[in-house]
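K.L.:
Could you have a look at this structure, given as structure tokens, before my questions?
Values in this text are rule-based calculations from the coordinates and carry no lab data. Everything quoted here is computed from the prediction, not taken from an experiment. Please note: Cβ atoms are built from the backbone with ideal geometry, for glycine as well, and neighbour counts cover all protein chains shown.
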């Protein structure tokens, strides 16, 4: 995928990258020649040759296409249903199954070495770049230099720029082939340069970590990333569940953890009617769109996927696509036809609760424990599902 938010998993800074900000910093926002010279001085101190630097940075001019994207704002608040629906369908699952057949031996070898199931690696590949169908077309060095020179998260992107030059100096990729998203995420797994340095692997054994042109290197690098953050071999990411009547939704909002066998004991069952295969696995409940939509018991591997991209919707999309590649169908429970609330609407929801006598203080749009408790009380009194979920339907019900 080609949007980059501050929470993206690739924004991981190696200790060696911290040197860059001090050296490049004074040139941020300065005239182009000063910025390029400061970049060269730092790159040289990090072992980058003049030849590599000139090949990569020669003729650099800020990219207007990148600068425009820094100011692009979403037009609406996306729901989990929106997010997953745009990324996972039957066609994407079938494509993943085809890739599994094509790369069976490689995936088996990757899984054996890193302990990550093939369908999970395939799902990340599919969500990130449509199985390599589009990895971005922005020159990584020039894109990062554009962001750093413009002062857009300048310390971070300046550090990534120097790291990208180090990757080129090491010969892992030719400058013309180092392309990716507008914000520097590269290759099949969409690694930032700092993530490349930490997690990319030479699975082929040819001396190069080629996440752009080598599928084996790319798949292994993805698996290595997940393993590095504690992927539990043999465990899944989670299960869609059905909740019992009169379920206490504070168990969701308090992020309660329990063994699946204990959840079962209070009436939480798999939505497909099957038993949980491993009752001792510990899970939390994830309710992306309220109690009237799909609800999930998520295991530790769900959190590991979020280290790749710190978004629960992203982790759900990856997990669901992995399941679809394995042959499962869609979710058992349908998504509700509801909308997510922007900040102004959350403020309005709090104001309407206040008019009904709930003491929430000055509305600020932050759905904290007091707002949640008030909403759940209102929903219960109104005969609604008392899930505490701040939705368009909840706002409408408040009048």
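K.L.:
Run the numbers for residue 328 and residue 208: contour at 0.36 nm per residue of separation, minus the present Cα-Cα distance, in nm.
P.N.:
Details: separation 120, 0.36 × 120 = 43.20 nm, distance 3.69 nm.
My answer for the length gained is 39.5 nm.
K.L.:
In addition: So if I restrict to the alpha-carbon atoms in the stretch 238-298, what is the Rg, and what is Dmax, the biggest pairwise distance, in Å?
P.N.:
In Å, with Rg to one decimal and Dmax whole: 10.3, 27.
K.L.:
Continuing with the same structure: So how tilted is helix 104-114 from the main axis of the chain? Cα-based, degrees 0 to 90, rounded to 10.
P.N.:
Helix 104-114 sits roughly 80 degrees off the main axis of the chain.
K.L.:
So which residue, out of 368, 180, 213, gets the largest mean-square fluctuation from a GNM of the chain using Cα contacts under 10 Å as springs?
P.N.:
Largest GNM mean-square fluctuation: 368.
K.L.:
Here's something else I'd like to know. Give the dimensionless ratio obtained when the Cα radius of gyration of the stretch 94-178 is divided by 2.2 N^0.38 Å. All intermediate terms of the calculation are to be shown ahead of the outcome.
P.N.:
Numbers: Rg = 16.8 Å, N = 85, 2.2 N^0.38 = 11.9 Å.
My calculation over the Cα atoms of the stretch 94-178 gives 1.41.
K.L.:
Another one. Label 7 Å along Cα→Cβ of residue 176; the stretch 196-238 residues with amide nitrogen under 11 Å?
P.N.:
none
K.L.:
With the contact rule set at Cα under 8 Å and sequence spacing of 6 or more, what percent relative contact order holds for the stretch 135-256?
P.N.:
Working: 155 pairs, mean separation 25.4, N = 122.
Rounded, it is 21 percent for the stretch 135-256.
K.L.:
Still on this structure, I have one more. With r as the distance between the Cβ atoms of residue 33 and residue 280 and R0 = 51 Å, compute the FRET efficiency 1/(1 + (r/R0)^6) and round to 0.05. List each step's numbers first, then the result.
P.N.:
Working: r = 63 Å, r/R0 = 1.24.
After rounding to 0.05, the efficiency reads 0.20.
K.L.:
Right, next: Would you look at the GNM of the chain, springs on alpha carbons closer than 10 Å, and say which of 171, 273, 303 moves the most?
P.N.:
Top of the fluctuation ranking is 273.
K.L.:
While we're here: Can you give me the relative contact order of the stretch 238-298 as a percent, contacts being Cα pairs under 8 Å and 6 or more apart? Numbers along the way, then the final one.
P.N.:
On the way: 89 pairs, mean separation 27.9, N = 61.
The normalised contact order for the stretch 238-298 reaches 46 percent.
K.L.:
For residue 113 and residue 242, what is the calculated FRET efficiency with R₀ set at 30 Å and r taken between the beta-carbons, to the nearest 0.05?
P.N.:
0.20
K.L.:
Given bins 10 angstrom wide, list per bin the percent of all Cα-Cα distances in the stretch 343-397, short to long.
P.N.:
Final binned percentages: 28, 64, 8.
K.L.:
Let me ask something else about it. Among 265, 81, 108, which one moves the most in a GNM of the chain with springs linking Cα atoms closer than 10 Å?
P.N.:
Comparing 265, 81, 108 in a Gaussian network model of the chain, the most mobile one is 265.
K.L.:
What number in nm² do you get for the chain if you take the convex hull of its Cα atoms and divide its surface by four? Display every interim value, and only then the final one.
P.N.:
Details: hull surface 85.0 nm².
Taking a quarter of the hull surface, the average projection is 21.2 nm².
K.L.:
May I ask you to derive the relative contact order of the chain, considering only C-alpha pairs under 8 Å and at least 6 residues apart, and to give it as an integer percent? Display every interim value, and only then the final one.
P.N.:
Values: 632 pairs, mean separation 71.4, N = 399.
In percent, rounded to a whole number, it is 18.
K.L.:
A further question on this structure: Using Cα atoms only, what is the angle between the long axis of helix 343-355 and the major principal axis of the chain, expressed in degrees (0 to 90) to the nearest 10?
P.N.:
Value to nearest ten degrees: 20.
K.L.:
Against the longest alpha carbon principal axis of the chain, how many degrees, from 0 to 90 and to the nearest 10, is the axis of helix 369-381 turned?
P.N.:
Tilt of helix 369-381: around 40 degrees.
K.L.:
State the volume of the convex hull built on the alpha-carbon positions of the stretch 162-250, expressed per residue in Å³ and rounded to an integer.
P.N.:
159 Å³
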